[in-house]
1. Quick one: which of S179, S210 is small (G, A, S), surrounded by fewer than 19 Cβ atoms within 10 Å (Cβ to Cβ) and touching a residue at least 12 places away in the same chain (Cβ under 8 Å)?
2. If you go through the range 98-113, how many residues are part of a loop (DSSP other than H, G, I, E, B) and within 16 Å of H58 (Cα to Cα)?
3. Looking only at the range 35-88, count how many residues are part of a strand (DSSP E or B) and either within 20 Å of L110 (Cβ to Cβ) or in contact with an Asp or Glu (Cβ under 8 Å, 6 or more places away or on another chain) (or both).
4. So which residues in the range 97-121 are under 15 Å from S242 (Cβ atoms), out of contact with any Cys (no Cβ under 9 Å at 6 or more places or on another chain) and β-branched (V, I, T)?
5. In the range 13-39, which residue that is hydrophobic (A, V, I, L, M, F, W, C) and at pLDDT below 95 is surrounded by the most Cβ atoms within 10 Å (Cβ to Cβ)?
6. Any idea which residue in the range 61-75 is surrounded by the fewest Cβ atoms within 10 Å (Cβ to Cβ), counting only those that are in contact (Cβ under 8 Å) with a residue 40 or more places away in the chain and farther than 19 Å from V119 by Cα?
Amino acid sequence: MSETQNYHKDYDELPFENSLRKYRYAELIGLFSKFKAKNILEIGCGYHPIFEHYKDFHKMTIVEVDENFYNAAIKKANGNPDIKFINKPIQDSINDLSPEFDIILISGFLHEIDNPEEVLFLIKKICNSNTKVITFVPNANSFHRVLAYEAGLIPSIYDFSENDKKFGRRLVWDINSFSEFFTSNNYLVELSKTFFIKPFAHSQMEELISNGIFTKEVLDGLNNMIKYMPDIGCEIIIVAKSI
């Protein structure tokens, strides 16, 4: 099993991740539907390609460097002729792509690499005037991090958590610094938001679910509470366009 496969096997088995993923994809699909996305590029689909969740497309292109994820995505596509797969890094895939996409989805890895600005630079080459670039990352200012800081459990909300360290994450952004990252790389940020108020760490959330304390209704309520605390959801979503 490759290092990357191990990473995602561990991540998929991370307590609470399966529950949180439902809310993450609800946010993404809402945006895809709002923009009436028909021609989509997803970079780094992992084990959960967006075509599993969003069906109203005409063409989908998946760029996935890991062979295990690439093969798993092909299997899930089940021969759909409208989905194209490229098993190369985005640096080597640009010449295979043209500026025809409604949406370019960077699937939640910018905080895990050493050169996120290179990714933004490269995809500018395949953005047209209408292309929406969408991505998501964990929020440093998440409720659970703020609570841990105020309880004296961590020295800073920007410190790496144990899960951050386990998965080799390199950057921690809040909603302002993540927006500034895009603007500093010549993108116009059209939407920046957070979602899902997560009061405790993943393992604690899973325990509360397992014990029947956090029911589906409670989880839905935590997601709905974002309107009262818009900047402290557990993940940030950005919609931007190249300028």
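The values are calculated or read from the model by the stated rules, or taken from the named source; none is laboratory data. Keep in mind the model is a prediction, meaning the values are calculated, not measured. Glycine gets a Cβ as well: all are built from the backbone with ideal geometry, and neighbour counts include every protein chain shown.
1. S179
2. Here the count works out to 5.
3. 12
4. Within the range 97-121, I103, I106, V119 qualify.
5. F16
6. E67
Residue-wise test of (1) at pLDDT below 95; (2) crowded, with 19+ Cβ neighbours inside 10 Å.
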{"position": "L41", "(1), (2)": "no, yes"}
{"position": "K55", "(1), (2)": "no, no"}
{"position": "K59", "(1), (2)": "no, no"}
{"position": "G79", "(1), (2)": "no, no"}
{"position": "I86", "(1), (2)": "no, no"}
{"position": "P89", "(1), (2)": "yes, no"}
{"position": "I106", "(1), (2)": "no, yes"}
{"position": "F109", "(1), (2)": "yes, no"}
{"position": "E117", "(1), (2)": "no, no"}
